[in-house]
Structure formats: C-alpha cells, structure tokens
Amino acid sequence: MFPIISQQFDIGISEMSAQSTLENTLKEILRVVKPLREDWTTRLQIIDELRGAVESVESLRGATVEPFGSFVSDLFTRWGDLDVSIEFSNGSFVSPYGKKQKQRLLGDVTRAMRQKGGWRRYQLIPNARVPILKVESNLRNVSCDISIDNLKCQMKSRLLFWISEIDTRFRDMVLLVKEWAKAHNINNPKFGTFNSYSLTLLVVFHFQTCAPAIFPPLKDIYPGNLIDDLKGLRADTERRIEETCAANIRRFQSYNLRAENRSSLSELFISFLGKFSDISLKASELGICTYTGQWQAIKSNMRWLPQTYALFIEDPFEQPENSARAVSKRELTRISETFEMSHHILISPNHSSLLATLVRPQMLSLMVRTPDWRCQPTHPQRFRAEGSHSPTPSNNGPRQLTRPQVHKVVRSPSQVQPQYQTVKPKGPSQVQPQFQTVKPNGPSQVQSQFQTMNPKSHPNRATFKKPPLQTYEDQRQQIWRPRSDRPV
C-alpha cells in the first residue's frame, strides 16, 4: 500500500517539475520575443520618415500616417512587420475612396518614397482585397505594409488592444502561439496556413471556451457588426465605438460573481494545443465564432454558406468574412497534426525536444538568459495600476483599461477621453447572463471616472515627448492626460 502511495507521490512531483520546466521555458521565450524599447523607437522613426515622404508630395498634402495591426494592439514581436495606413479623411467623413483611387494614391506614395530614399524592395499589390504597398525600411530591415484609408483595420487593432487589457495572459499567449506557429511553418497564408490575425482569434476563442472563461463572447463587448457601423462623421463613429466597448469591458470586469480562471501560462498553452488537435475533423462541420464564443454549425449559419473554405474562423468585426480563408485543405491536415504532436510533446515528462517544439531554430541561439535590463516591461508607456501584475482583475474592482501610449504616434482623433460609468442603452435592454451590454445605437452618453487610451495615431501632429502623467495615490493608478484639443 505504502509503495503505491509513494509511487503516486513521485509521479505528482514529476508532473509538477515538468510543468515548472515548461512555465520557465515559456517565460524565457517571452523574454526574447517581446519588443524592447529600441524596437518601438525604430518603428516610430519609420513612421516619421514615411510621414516626411507623404508631406513632400502635393497630391498627398493633408494626409496623416497612422499605424495599425499588431504594433497598435501591442501583439507584435521584435521582428514583427509594421502596418501603416495613409489617411485622407482628415477627421471628417469616413473615406469614400474606391479601389482604383487607392491604387493611384499608392502609386504616388511609391514615387514619393523612392525620391526620399531610405526604403527598398518595393512591391505594389494593387489587386489585393485591400491594395497594399510592401516595402522594407533601411532601419533594421523592418517590413512595412502600407494601405490607404484603412479605417476598418485600425478599429480592429484598437479592439484587440482593449480586449487584451482584460487579462495580461492574452498578450503572452498570442506572442507564444505566433512563435510556435512560425516554428512549424503554419503562419504563412501565402502557403495555405494561418495569418497572424486568425491565430490571434484562435487565442481569443480559447480564452472564451476554457473553464472558467477568461473572455466573454465579443458580442458582449461590441454588440454589432463593426464594419457596418463605420460610416458618417469619423470622429463621432470612433468615439461611439470606443465608449461602447469601454463601458461593456468595465461591466464584464466588475461582475463580482464571475469565476476567476487562475490557470498558469503553461496550462493555458497546453490546453490551447489540445483544444485544436482535431481541428481538421471539426472544420468540415463547425466554424469558430468569437462573436458568440462558440463553435457553430456551418450549415445552420446561412451567412457562411456555401461552404467553400477548408476552415472557417469568422472575423468578429467584419462578419461574415473568414479570417482563415487562405488555409488550404492539405495544409489543414498538417496544421491539425502539428497541434496534436506539439500537445503530446508538452504533456510528456521527457522535455528533451521542448525548445525545438516551441521556437524556430534561429531562436535557439537567443535563448540564453538575457540580462535583467533587457527584461523590463517592453511597452514604452504601458502603465498599469499598482499591483496589476496578477493575470486577472482583483475582486476589489476592475483593472484600469488603458490605451497603448506609443510616444508620438497615438492620440485620440477627437481628444475625448470616454469614461466607464454605467450606461443605459437606448432601445430594448440587452441583458446577458452575466452583465448588461451597451449597444452602440447613437451617440454614447458615457460619463467617466477612468480614462482610456485610443490607439489612433497622428504622428505628424505630435512629438516624441511623453504625455504628462498625473498620479492619484488614493486610486493607485497613473492616468494619461492629453494635450489641448486640436482639429484632426
């Protein structure tokens, strides 16, 4: 009897040791892939150089240069690309530019950049769904994708940032999943695998469907199809979306009866791999819907028919678009096998191939422990309330939702800092099982006590100086105060 108990105890200790090894390995990977201050500075300089090129051309006068994508959502690695939109709406109505006009303007941008210098490897892709100019900067060889008036992607980036503020583990998981996917060559839509956006949505879905859930269905954050609401006066549209999301996120965070998920990063990563190990089997009948936070039968959703894709991951902000439309049937089988194999290795007591499973070969040389000075928080001004290092908000109140304060590139277009008090929505009450959702029907009436930061950037109207901070000791939080209101 006692030998059996001893054996079981030894197995438990072994499992704890393996879990600890994986946890430490994941943290070490994050040390290496998270951007340093120099990575932020480089991208800010690139944006500034592009702004200079744009301002030098008469046909581009008045345009602003605004980043979006993983840089704004703070989900990029040290080697991540930079997405930039050249905006001509000038703060008025949402841009009416069609594809032909965007192609012509990108041609003007190309000529301006060639004349200015500092760029190479120009590739204009005029017939993409969104016309894009791909270039590479001479500054640390950062690749850039440039588009015109890409408001929808800017808003998606902001929403992902706001969502990431619900739980700090989300950003870490996205960075780890991206590196793991690159290690197995399943993060390249050109070759029939995932794009980074669809990988991010998989992590969102995992956080919605783990037990207890970490994220709510995204309809509880923005109850509508974002793409349909991008119309009218741009500043009003952006403010209404921001305030709606702010109110609903605060309500979700402050719901005291919500069970708290205390899973470690390694536990979340293992369960993530296990959840999608049979994704190739499920994909024939089920689609992933982060808007509802559920697997959904494809045949029951008329918007997803006819079924022409190997895998369906609905874009929650641009329904019913499929963010995984590039995934091919052949590659989906390999993707599923990769999930299964990686899951098996990570739950195995033998961790001899752990690093090779999680990172690319070229990353192994960087996995030597980095000095402490390189391990500081990597977002230049990602301020949090004191003690907010815990993965989830405490029961004493919701954690402050901040905006990504990226030196000079981030400002609210309207300079309105929405506040997160309870809002009575217009129209019928939309009471969810856990909390009431604010609907974006008409100008928001949110009056606030917390300030947020909107990843909307106008680098040509700002400086590299950090915005002044005011510290409120009684609230234990640092609040970013904007400069005086300026027309966009």
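The values are calculated or read from the model by the stated rules, or taken from the named source; none is laboratory data. As the structure is a computational prediction, the values presented were derived from the model and not from experiment. No Cβ is skipped: glycine too gets one built from the backbone with ideal geometry, and neighbour counts run over all protein chains shown.
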Counting only residues in segment 296-320 that are without any contact (Cβ under 8 Å) to a residue 24 or more places away in the chain and in contact with a strand residue (DSSP E or B) (Cβ under 8 Å, 6 or more places away or on another chain), the one surrounded by the fewest Cβ atoms within 10 Å (Cβ to Cβ) is identified as A297
Go through segment 196-223 and report how many residues are small (G, A, S) and either at positive phi or in a helix (DSSP H, G or I) (or both). 2
Is there any pair linking a residue in segment 354-377 that is at pLDDT 85 or above to one that is not aliphatic (A, V, I, L, M), with Cβ under 6 Å and at least six apart or on different chains, and which? L354/T25; T357/S342; L358/W180; V359/E179; R360/K182
Look at segment 140-179 and say how many of its residues are acidic (D, E) and either assigned to a helix (DSSP H, G or I) or within 21 Å of F272 (Cα to Cα) (or both). 4
Is there a residue in segment 241-252 that is among the basic types (K, R), assigned by TED's automatic domain parsing to the domain that holds R169 and surrounded by fewer than 22 Cβ atoms within 10 Å (Cβ to Cβ)? no
Residue check: is L75 at pLDDT 95 or above, in contact with a Cys (Cβ under 7 Å, 6 or more places away or on another chain) and closer than 27 Å to R360 by Cβ? no
Does S92 meet the test of being surrounded by fewer than 16 Cβ atoms within 10 Å (Cβ to Cβ) and more than 30 Å from I163 (Cβ to Cβ)? no
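A quick yes/no check of all residues on (1) without any contact (Cβ under 8 Å) to a residue 60 or more places away in the chain; (2) more than 13 Å from the chain's Cα centre (by Cα):
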site: E136; (1), (2): yes, yes
site: L139; (1), (2): no, yes
site: V142; (1), (2): no, yes
site: S147; (1), (2): no, yes
site: F161; (1), (2): no, no
site: D167; (1), (2): no, no
site: E179; (1), (2): no, yes
site: A183; (1), (2): no, yes
site: K190; (1), (2): no, yes
Filtering segment 123-139 down to residues that are surrounded by fewer than 14 Cβ atoms within 10 Å (Cβ to Cβ) and either hydroxyl-bearing (S, T, Y) or not in a strand (DSSP E or B) (or both) yields N127, A128, R129, N138
Name the pairs whose Cβ atoms lie under 7 Å apart, with the first residue in segment 259-270 and over 10 Å from R169 (Cβ atoms) and modelled with pLDDT of 95 or more, the second charged (D, E, K, R) and part of a helix (DSSP H, G or I), and 6 or more positions between them or separate chains? S266/E23
In the list I29, I47, which residue meets the criterion of being part of a helix (DSSP H, G or I), modelled with pLDDT of 95 or more and under 23 Å from M367 (Cβ atoms)? I29
If a residue must be at pLDDT 90 or above and more than 17 Å from L133 (Cβ to Cβ), how many such residues does segment 54-70 contain? 1
Could you identify the single residue in L75, L106 that is closer than 24 Å to V177 by Cα, surrounded by 17 or more Cβ atoms within 10 Å (Cβ to Cβ) and touching a residue at least 12 places away in the same chain (Cβ under 8 Å)? L75
Answer yes if at least one residue in segment 4-18 is out of contact with any Leu (no Cβ under 7 Å at 6 or more places or on another chain), modelled with pLDDT of 95 or more and under 30 Å from W180 (Cβ atoms), and no otherwise. no
I'm told T357 meets every condition in (1) among the hydroxyl-bearing types (S, T, Y); (2) touching a helix residue (DSSP H, G or I) at 6+ places or on another chain (Cβ under 6 Å); (3) farther than 23 Å from K178 by Cβ except one. Can you identify the failing condition by its number? (3)
Can you find a residue that is under 20 Å from the mean Cα position of the chain (by Cα) and acidic (D, E) anywhere in segment 294-314? yes
Given the options R129, R114, R120, R158, name the one that is of a type in the set (K, R) and not assigned by TED's automatic domain parsing to the domain that holds D74. R158
